[in-house]
């Protein structure tokens, strides 16, 4: 695979648009497809080719999918005229979506049977990191195929971590990581509700935490959103967080690993959805902790 590649990119949500833009900026020839065609125009204006159907995005050496959930990936890959039917022999599908372990295993088997190659490469990072090419990429698949995809990963991310031959391992790591992030969000929300009810300034409290005990960016990012009550626009919407915790629990059940905290988080996200919070950032579970504490001023 040459350093500058013909690559298809399917899925132009906030993450996908930024990632495809990073590929363009690096000089790759990119063909983009989205179910809602209008979302492609920004990238077409920057030099991308517009695919009228999924098959048109599968003409190069690699097609990347960045889609919301298992159902979307299944439709694009296994549907009529989908990736499985359209991708050439020995060509590569890179799935960068956060999907279930079971679907990742199914994709690997189906592509192998079709004489195609498959890499799972989910990412850590929010839309601003995607647009800046600063994602962290967890890549799993045949080492030679992962190596061939590295120029693409280098365009989209600040670091790529290969973690073995089995694609589903990357998806399990991604789900476990999102479980940990959601756990941080819930813990921060409860702690801020505690100190806020006592009249302590939440931003000052966050500054103290992130300068001493918890210096990782995840605390600064999500703590800032909770402290400011800024949950719109959503960098990662509540239904996606709910979906990822549900998939984490499914993987845990298959492996017989109890995860009581994941069960709590599942219910927190479901509660927020039931209260009409679908459009909010997933850090809005911080509203629930505030509500439980009777801090109505945080519920705007």
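The values are calculated or read from the model by the stated rules, or taken from the named source; none is laboratory data. This structure is a prediction, so every number in the text was calculated from the model and none was measured. Cβ atoms come from the backbone with ideal geometry, glycine included; neighbour counts cover every protein chain shown.
See the values below:
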| item | result |
| --- | --- |
| Filter result (touching a helix residue (DSSP H, G or I) at 6+ places or on another chain (Cβ under 8 Å) and crowded, with 18+ Cβ neighbours inside 10 Å) within region 28-48 | 28, 30, 31, 32, 33, 34, 43, 48 |
| Identity of the residue in region 15-39, at pLDDT below 95 and assigned to a helix (DSSP H, G or I), that ends up farthest from residue 117 (Cα to Cα) | 38 |
| Residues (closer than 15 Å to residue 157 by Cβ and in contact with a helix residue (DSSP H, G or I) (Cβ under 7 Å, 6 or more places away or on another chain)) located in region 6-23 | 7, 9, 15, 18, 19, 20, 21, 22, 23 |
| Members of region 217-231 that are assigned to a loop (DSSP other than H, G, I, E, B) and either crowded, with 19+ Cβ neighbours inside 10 Å or modelled with pLDDT of 95 or more (or both) | 231 |
| Every residue from region 269-287 that is surrounded by 21 or more Cβ atoms within 10 Å (Cβ to Cβ) and assigned to a helix (DSSP H, G or I) | 269, 272, 282, 283, 284, 285, 286, 287 |
| Identity of the residue in region 242-268, part of a helix (DSSP H, G or I) and free of Cβ contacts under 8 Å to residues at least 24 places away in the same chain, that ends up surrounded by the fewest Cβ atoms within 10 Å (Cβ to Cβ) | 260 |
| Answer from 188, 209, 299 - the residue that is farther than 27 Å from residue 67 by Cβ and modelled with pLDDT under 95 | 299 |
